[in-house]
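Report on the following structure.
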Amino acid sequence: MKQQKLQPPFAELSLGVDQVIPLSQAVGSESFTQAVMGVASEVCGADFVSLFCQGDRDAPLLIGTACRLGQRRATQAAKGYRRHVQEDGNTQLLCGSHGHGDFLTVQTAKDIFSFTYRRDCYDLPGISERVSIVRRTADYGLSVSMYSSEESGPFDNPDSGKIQALLRLLLALTERHVAFSLRDGVWMENDIQARLALTYPDLTPREREVAAMAIKGRTAKESAELLGVAETTIITHRKKAYKRMNVTSLRQLMASY
């Protein structure tokens, strides 16, 4: 997988009013992913799109996926991704292993050495190439990916300014879509940290992370191993989080949550 950190100056993109208005109006609604698919197909010839958010540390959360050649293929690709999520280079960017910023990645089926990963995520759904923009901040990770199908072949120039500019626009709109969706509870059921951030804004990022792991049923030892800290540190963060949330036990936290 090729990867580069995006730096200004950025290319500009010109879209018609008939393209921008439907996309903007879809922000926060269940039709947003399909609207992204329509613009990505029209501007760059994409056949699939997928949107992911890294809230909890465990795994990226799928916001939406679509395929102009049939939703069944998008669903099949998403199923394969869930099976091989830890093998995907975008996952590492989403969780912050390469630092903060916006990254452009390009991956073709030929770049994948794992037979099962290539089969499940590319061969079976009929994907040829993926180009993504991944944003990692101190609080969250977000990615927008466009894919070309085997029928269409690879993108003509996946590093072009036009593709980068469109991905940056789609990322900005996806950021707003996630904010609206979180507020309205459209997809947030599985993103515990996001819910805690909205319900208990006074929690520090680490307290929120530790509380989310407690809600998921992780012991202090398991959380410590996952975060690479001492078990006593987890217990301390958990106590502070409980105090900020005005609860005294995991049972009260679950009831409140």
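Before moving on, here are some points about what is shown:
- Evaluating Ser143 against the criteria (1) in contact with a helix residue (DSSP H, G or I) (Cβ under 6 Å, 6 or more places away or on another chain); (2) small (Gly, Ala, Ser); (3) more than 20 Å from Thr33 (Cα to Cα) leaves one unmet condition, (3).
- Qualifying residues in segment 46-69 (those that are at pLDDT below 95 and small (Gly, Ala, Ser)) - the one nearest to Gln25 (Cα to Cα): Gly64
- One residue from Arg118, Arg73 being in contact with a Cys (Cβ under 8 Å, 6 or more places away or on another chain), of a type in the set (Lys, Arg) and either not in a loop (DSSP other than H, G, I, E, B) or not assigned by TED's automatic domain parsing to the domain that holds Phe155 (or both): Arg73
Quick grid of which residues meet (1) closer than 16 Å to Arg206 by Cα; (2) not in a loop (DSSP other than H, G, I, E, B):
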site	(1), (2)
Lys221	yes, yes
Ala224	yes, yes
Ile234	yes, yes
Lys239	yes, yes
Tyr242	yes, yes
Thr248	no, no
Arg251	no, yes
Ala255	no, yes
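- Of Val49, Val36, Val27, Val43, all but one fail to be more than 19 Å from the chain's Cα centre (by Cα), buried (at least 18 other Cβ atoms within 10 Å of the Cβ) and either assigned by TED's automatic domain parsing to the domain that holds Ala109 or part of a helix (DSSP H, G or I) (or both); the exception is Val43.
- Remark: pairs (first residue in segment 20-33, modelled with pLDDT under 85; second residue among the aromatic types (Phe, Trp, Tyr); Cβ separation under 7 Å; 6+ apart in sequence or on different chains) = Gly28/Phe180.
- Extreme residue, farthest from Ala46 (Cα to Cα), among residues of segment 132-174 that are assigned to a strand (DSSP E or B) and basic (Lys, Arg): Arg136
For (1) crowded, with 19+ Cβ neighbours inside 10 Å; (2) within 20 Å of Leu142 (Cβ to Cβ), each residue gets a yes or a no:
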site: Gly16; (1), (2): no, no
site: Val20; (1), (2): no, no
site: Gly96; (1), (2): no, yes
site: Thr105; (1), (2): yes, yes
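The values are calculated or read from the model by the stated rules, or taken from the named source; none is laboratory data. Predicted model, so just to flag it, every value in this text is computed and none were measured. Glycine also receives a Cβ, built like all others from the backbone with ideal geometry; neighbour counts cover every protein chain displayed.
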